[in-house]
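The values are calculated or read from the model by the stated rules, or taken from the named source; none is laboratory data. Note that the structure is a prediction, hence the values are computed from the model and not measured. Cβ: placed from backbone, ideal geometry, glycine included. Neighbour counts: every protein chain shown.
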Amino acid sequence: MNRRDSLKALGLIAAGSGVLAGACKDDKNQGAKQAVEGSSEKLPGVQEFEYKRTEALMAEKFFTEHELATITVLSDIIIPKDDVSGSASEAGVPAFIEFMAKDIQSYQTPLRGGMKWLDVHCQKAYGNAFIKCKKEEQIAVVDEIAYPQKARPEMAQGVAFFSLMRDLTSTGFFTSEMGVKDIGYQGNKPGVWNGVPADVLTSHGFDPNKFFG
Amino acid sequence: MSVFQIKENPEVFDAIVVGSGAGGGMAGYILANAGLKVLMLEAGPFFDPKTDAMQLRWPWESPRRGAGVTRPFGDFDAAYGGWQLDGEPYSKVAGTEFEWFRARMLGGRTNHWGRISLRMGPDDFKPKDGVTDAWPISYEEVKPFYDRVDRMIGIYGTVEGIHNEPDGIFMKPPKPRLNELYITKGARKAGVPVIPGRGAVLTESSPEIKGRGTCFYCGQCGRSCKVYGDFSSSSCLVIPAMETGNLKVIDNAMVREVLTNDEGLAIGVSYVDTKDLQEYSVKGKKVILGASACESARLLLNSKSKSHPGGIGNSSGLVGKYLHDSTGASLGGFLPQLLDRKRYNEDGAGSVHIYSPWWGDHSKLNFPRGYHIEYGGGLHMPSYGFLNFVPNVNGMVPGRNGEKREQGGYGAGLKDDYRRFYGANVGMAGRGTALARKENYCEIDPTKVDKFGIPVLRFNYKWADEEIQQAKHMQDTFQSIMHEMGAIITSNIPGADTLYGLEAPGKIIHEGGTTRMGDDPKTSVLNKWGQAHDCKNVYVVDAGPFVQQGDKNLTWTILALSMRTAEYILEENKKLA
């Protein structure tokens, strides 16, 4: 079987034609739908216990409305909309973090407790919970916990919480359809690998004619 | 009718194969193709990569974005199972370590493995240093089987002529990724050789290989391949063997023990159906164990009878002894030269594009055996946690405007950092020879059983100075490669307190040695054909028979030796006929 036959076997090209884009697009739409609504349909290869576990987690609710609102504000501060793509919340990051807190239970206390820490800190400093603070007040607090090396020692718990939020936000965003497009990932499709493109090799000082540059 | 009833199958099979991974799959394939009636028992469910692979799925198709929660290597990885299985525990002697990875599915761990396919060399079979025992067979005796495995299954690589890294019959290797070119340059400056990888992936079509597609470079071999473009035992051995009509597979069948008669010969096995929990027994003229090194040892030790009071194969007392994994240690960093790199599809093949075969001179080193290095990095598909390193390292290089940045951050600047650093990371991991020692072993835990009532394994494994000094050498080497390639190291550099980052025994998932072969029944479990000294119709075809593995991933040798054992069985049958 040659490579073309491989693609036929995959169902990625119809026999005798080259309509690859259409097939891929349909796949994408299904995927996006699933991520938003949860998997009502069990994918082939997913084990029964995995499917049931995911369904059960999807049906549960962990964070309160207040907590989800806090996650939304924080994730959008971490990854805001810019010229290239939308914000964390536009990419579905709060729902992802809600799922992860149910999926990996060791996240629950650091996230819930961390938000409580943040609210108490804001209450003392500005007389309001974090999400009720003015934008500049929110940013002032974040500035105190977003830079581990220069943060004051008494902010260490806030730094740990923010670091966890930042990691969950970057995963949630850059593994979403919007984020994958933003970061410019070009793969996950059938092709032929002939090595690094010649212009890239040349710009890095490698010889395109040599196997090891 | 009694509550506990064993359902006996009246059919007598020519051979019963326990396990469907590389060893069991190859034995089943050879025997079924030779016309024997073979029954294969697999503890997990049926799995066909064609329908069950998660290949080409996007990260957002997993609610956890591929995180390793229900599967240790993530949602898209092909292995069912993991380090712990519900209701199937194992224990460890206090003060010792072992992590046991079990894949329960047709094809076992070959569905997700790295496809890195290295032959053991002449010095691995017959060591010149006297540190470990010689195998009863030489490289020259195994070479014809390696050659046939190469042709039958397909492997890419290059002919290099390195004495203890024997060449095979190779398809063209994939070209290096950009970070791999930097690695090669840096490693060679540091005095470490780098050669094209050797992987069980079809980069070309072959008239000898039918029913399989060639690689289309998605880089996802770990998810198993829908077009059978790489080697999985399920797709390349078991399913084709079933198509001969001579191999029958019963899945979800957890084998309890090998049954023997009064003369001490095997007559079949008993198993429990993991779904309905009913008990069954089946008869076979030969019993071939390919359940994995530790699972086969467990099965032998649990097969006690009047003629085999200590378990089958255990008249030597050596079943479970000489357990050894590979060593493993790693280091990570990033290449400032790759910040803001141009985007293109760099998925490549799902096995290694490059690696460093062992180069050291042991007369100048304080440890006896070497390691190879595998490398990572590139513009890979986004996955859970793939950018977590960025806020930890973005303060190590100037920002776009040339000014120093504070590590961490948020907002538009951080969002841009994620883009800048994507694909700039590099990693390297050593995989080395750990010595096979009698003192490192698995045995039956005297007090514990699994949910099926089968006594479980207890492990006793400790690293010694030979492995620790080797890990130290790995870390020194990694640092000098990183330095020569201009990379910034981002891992903490592990020191003596953490055994230089040496992973716990078992973590590299290369365990073997538990049913070692040899000429002397007093010092070995199996003869040089993989046949039990004390039970002539029981054979072991996984990594149990390994006297001592080299720093070469096990699978290609398992395949070659299983083929050799299966053909020995056919020869024996001919003699009887």
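Below, the figures for the structure above:
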read-out: Residue match in the stretch A:65-72 (condition: more than 10 Å from every other protein chain (Cβ to nearest Cβ), exposed (fewer than 15 other Cβ atoms within 10 Å of the Cβ) and more than 16 Å from the chain's Cα centre (by Cα)); value: yes
read-out: Candidates A:Gln138, A:Gln123, filtered to the one that is of a type outside the set (A, V, I, L, M, F, W, C), free of Cβ contacts under 8 Å to residues at least 60 places away in the same chain and more than 20 Å from B:Phe76 (Cβ to Cβ); value: A:Gln123
read-out: Pair list, Cβ under 9 Å, 6 or more apart: the stretch B:93-105 residue without any contact (Cβ under 8 Å) to a residue 12 or more places away in the chain, other residue acidic (Asp, Glu) and surrounded by 17 or more Cβ atoms within 10 Å (Cβ to Cβ); value: none
read-out: Subset tally (residues that are under 27 Å from B:Met171 (Cβ atoms) and either in contact with a helix residue (DSSP H, G or I) (Cβ under 9 Å, 6 or more places away or on another chain) or among the basic types (Lys, Arg) (or both)) for the stretch B:353-396; value: 12
read-out: Sole residue being away from every other protein chain (no Cβ under 14 Å) and under 30 Å from B:Asn345 (Cβ atoms), chosen from B:Pro391, B:Pro368, B:Pro398, B:Pro382; value: B:Pro398
read-out: Positions within the stretch B:68-83 being touching a residue at least 12 places away in the same chain (Cβ under 8 Å), in a loop (DSSP other than H, G, I, E, B) and more than 7 Å from every other protein chain (Cβ to nearest Cβ), in sequence order; value: B:Gly68, B:Pro72, B:Phe73, B:Gly74, B:Asp75, B:Phe76, B:Asp77, B:Ala78, B:Ala79, B:Trp83
read-out: Cβ-Cβ under 6 Å pairs, at least 6 apart or on other chains, the stretch B:467-496 side at pLDDT 95 or above, far side small (Gly, Ala, Ser) and assigned to a helix (DSSP H, G or I); value: B:Ile481/B:Gly186; B:Ile481/B:Ala187; B:Glu484/B:Gly186; B:Met485/B:Gly186; B:Pro494/B:Gly501
read-out: Entirely in the stretch B:185-292, the strands (runs of 3 or more DSSP E) that have 2 or more residues that are among the hydroxyl-bearing types (Ser, Thr, Tyr) and over 27 Å from B:Asp147 (Cα atoms); value: B:266-273, B:279-284
read-out: Residues (within 7 Å of chain B (Cβ to nearest Cβ) and assigned to a helix (DSSP H, G or I)) located in the stretch A:193-213; value: A:Val200
read-out: Residue list for the stretch A:77-102, restricted to those being out of contact with any Pro (no Cβ under 9 Å at 6 or more places or on another chain) and more than 16 Å from B:Trp60 (Cβ to Cβ); value: A:Ile77, A:Ile78, A:Pro80, A:Lys81, A:Asp82, A:Asp83, A:Val84, A:Ala101, A:Lys102
read-out: Strands (runs of 3 or more DSSP E) wholly inside the stretch B:404-492 that include at least 3 residues being within 30 Å of B:Leu277 (Cβ to Cβ), within 22 Å of the chain's Cα centre (by Cα) and within 14 Å of another protein chain (Cβ to nearest Cβ); value: none
read-out: Any hit, the stretch B:444-454, residues being buried (at least 22 other Cβ atoms within 10 Å of the Cβ) and on the phi < 0 side of the Ramachandran plot; value: no
read-out: Given (1) within 25 Å of A:Glu98 (Cα to Cα); (2) facing chain B (nearest Cβ under 9 Å), number of the condition A:Pro190 does not satisfy; value: (1)
read-out: Given (1) within 14 Å of another protein chain (Cβ to nearest Cβ); (2) buried (at least 24 other Cβ atoms within 10 Å of the Cβ); (3) not charged (D, E, K, R), index of the condition B:Val18 fails; value: (1)
read-out: Condition met for B:Phe73 (surrounded by fewer than 23 Cβ atoms within 10 Å (Cβ to Cβ), under 20 Å from the mean Cα position of the chain (by Cα) and of a type in the set (A, V, I, L, M, F, W, C)); value: yes
read-out: Matching option when the condition is aliphatic (A, V, I, L, M), within 11 Å of another protein chain (Cβ to nearest Cβ), touching a strand residue (DSSP E or B) at 6+ places or on another chain (Cβ under 9 Å) and buried (at least 24 other Cβ atoms within 10 Å of the Cβ), among B:Ile155, B:Ile183; value: B:Ile183
read-out: Checking B:Ile30 against (1) closer than 21 Å to B:Tyr280 by Cβ; (2) outside any loop (DSSP other than H, G, I, E, B), the condition it does not meet; value: (1)
read-out: Helices (runs of 4 or more DSSP H) enclosed by the stretch A:103-180 - at least 3 residues per element that are more than 14 Å from chain B (Cβ to nearest Cβ); value: A:108-126
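Table: residues versus (1) modelled with pLDDT of 50 or more; (2) closer than 16 Å to B:Met54 by Cβ; (3) in a loop (DSSP other than H, G, I, E, B).
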position	(1), (2), (3)
A:Gly18	no, no, yes
A:Lys25	no, no, no
A:Gln34	no, yes, no
A:Leu43	yes, yes, yes
A:Thr54	yes, yes, no
A:Phe63	yes, no, yes
A:Glu67	yes, no, no
A:Thr72	yes, no, no
